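J.: Attaching a single structure in structure tokens format; questions to follow.
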Amino acid sequence: MSIQLCILASGSSGNCTAVRTPAGVFLIDAGIGPRTASARLSAVRVKVSEIRAICLTHLDRDHFNLGWISTLIRQQIPVFCSAARIDDLRRITGCDQVASLIHPFDAKEFEPSPNTSVRSIHLPHDAQGSHAFLLKHCEARVGYATDLGDVPSSLIDQFCGVDLLAIESNYDPQMQRASGRPLFLQRRITGGRGHLSNSQSLTAVKAIFDRSEKNGLPIPRHVVLLHRSRQCNCPKLVSKLFSQDARIASRLVLAEQHEPTAWLGAAAAPIGGEQLRWAWG
């Protein structure tokens with residue numbers, strides 16, 4: 001069997017990814033409101049009422065939109081959050097009915113959906129950090145990492161051999177310097193605890209590919225680039241840079257802020273160089 005991902009939104013205005021397996025659908029982050037999420041899910045033939053759980057990478061507003069509170073309560077949707085941030089999540093929701101739905105995760109695996117395990121990897125993002133996720137369903141494995149200040153060696157190790165890789169590629173350094181943004185903001189983004197540049201992201205992707213090939217494991221069938229800055233990045237620039245590696249070029253998918261990707265499949269079987277778009281009817 002397989003895992004499928006649909007990136008509903010990716011960027012500073014909101015992040016949300018739908019994960020689908022034969023056991024059901026859950027979300028990674030909920031940084032767009034439920035109405036927007038509903039419209040985009042409808043476009044890929046899923047209803048908000050089908051969501052089984054939400055897994056939060058961290059609690060920034062573009063990753064958890066408080067507009068979800070009433071939907072969480074009405075549908076009794078479990079929310080998985082880092083154990084270190086449970087008190088913060090309870091405080092910002094301010095609702096006992098939501099508190100009962102919150103489930104802490106730590107370095108151990110957890111199951112947001114039957115037969116789908118998720119392992120978190122701590123990332124150095126801002127003061128509180130963020131988390132990457134390694135998803136497993138049967139033999140399929142997905143690596144998902146956004147809002148990375150840096151790439152820890154543990155992420156390369158654990159994403160070795162994944163069938164689908166989704167990783168941040170936030171900014172171009174030259175565009176960042178020319179943006180006119182305040183210097184403190186530029187330092188926050190580029191200082192090792194903010195976001196990944198295109199070149200940093202490419203280095204990480206190539207390391208995962210190299211490690212996978214060295215160990216006789218498959219390389220990802222899709223490389224999905226997340227959280228692209230609208231002001232300090234350019235899709236043509238990103239595509240040109242990543243396509244310099246022939247292994248990546250035919251697998252490249254750029255997630256967008258205002259429209260969903262197709263369903264992207266992850267399975268253990270090889271696919272050659274052609275992207276596969278699965279749509280379940």
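J.: Among A107, A83, A99, which is the only one that is at negative phi, free of Cβ contacts under 8 Å to residues at least 24 places away in the same chain and touching a Pro at 6+ places or on another chain (Cβ under 8 Å)? First the steps, then the outcome.
T.: Numbers: A107 fails: touching a Pro at 6+ places or on another chain (Cβ under 8 Å); A99 fails: touching a Pro at 6+ places or on another chain (Cβ under 8 Å).
Exactly one of A107, A83, A99 is at negative phi, free of Cβ contacts under 8 Å to residues at least 24 places away in the same chain and touching a Pro at 6+ places or on another chain (Cβ under 8 Å), namely A83.
J.: Which residues, counting only those in segment 211-265, are within 16 Å of the chain's Cα centre (by Cα) and on the phi > 0 side of the Ramachandran plot?
T.: Within segment 211-265, H227 is the sole residue that qualifies.
J.: Just one of (1) crowded, with 19+ Cβ neighbours inside 10 Å; (2) touching a Gly at 6+ places or on another chain (Cβ under 9 Å) trips up T146, so point out which.
T.: Of everything listed in (1) crowded, with 19+ Cβ neighbours inside 10 Å; (2) touching a Gly at 6+ places or on another chain (Cβ under 9 Å), T146 misses just condition (2).
J.: Would you mind stating whether D126 is closer than 21 Å to D106 by Cβ, among the acidic types (D, E) and under 14 Å from the mean Cα position of the chain (by Cα)?
T.: So D126 fails the test.
J.: May I ask you to say which residue of Q176, Q186, Q158 is touching a Ser or Thr at 6+ places or on another chain (Cβ under 7 Å), in a helix (DSSP H, G or I) and of a type outside the set (D, E, K, R)? So that I can check it myself, show each step before the final result.
T.: Working: Q186 fails: touching a Ser or Thr at 6+ places or on another chain (Cβ under 7 Å); Q158 fails: touching a Ser or Thr at 6+ places or on another chain (Cβ under 7 Å).
Q176 is the lone residue from the list that is touching a Ser or Thr at 6+ places or on another chain (Cβ under 7 Å), in a helix (DSSP H, G or I) and of a type outside the set (D, E, K, R).
J.: List the number of the failed condition for Q186; all other conditions in (1) under 20 Å from T57 (Cβ atoms); (2) at pLDDT below 95; (3) surrounded by 15 or more Cβ atoms within 10 Å (Cβ to Cβ) hold.
T.: Result: Q186 fails condition (1) only.
J.: Could you tell me whether any residue of segment 53-73 is farther than 27 Å from P235 by Cα and of a type in the set (D, E, K, R)?
T.: no
The values are calculated or read from the model by the stated rules, or taken from the named source; none is laboratory data. Quick caveat: nothing in here was measured; it's all calculated off a predicted structure. Because the Cβ atoms are built from the backbone with ideal geometry, glycine has one as well, and the counts that use them run over all protein chains shown.
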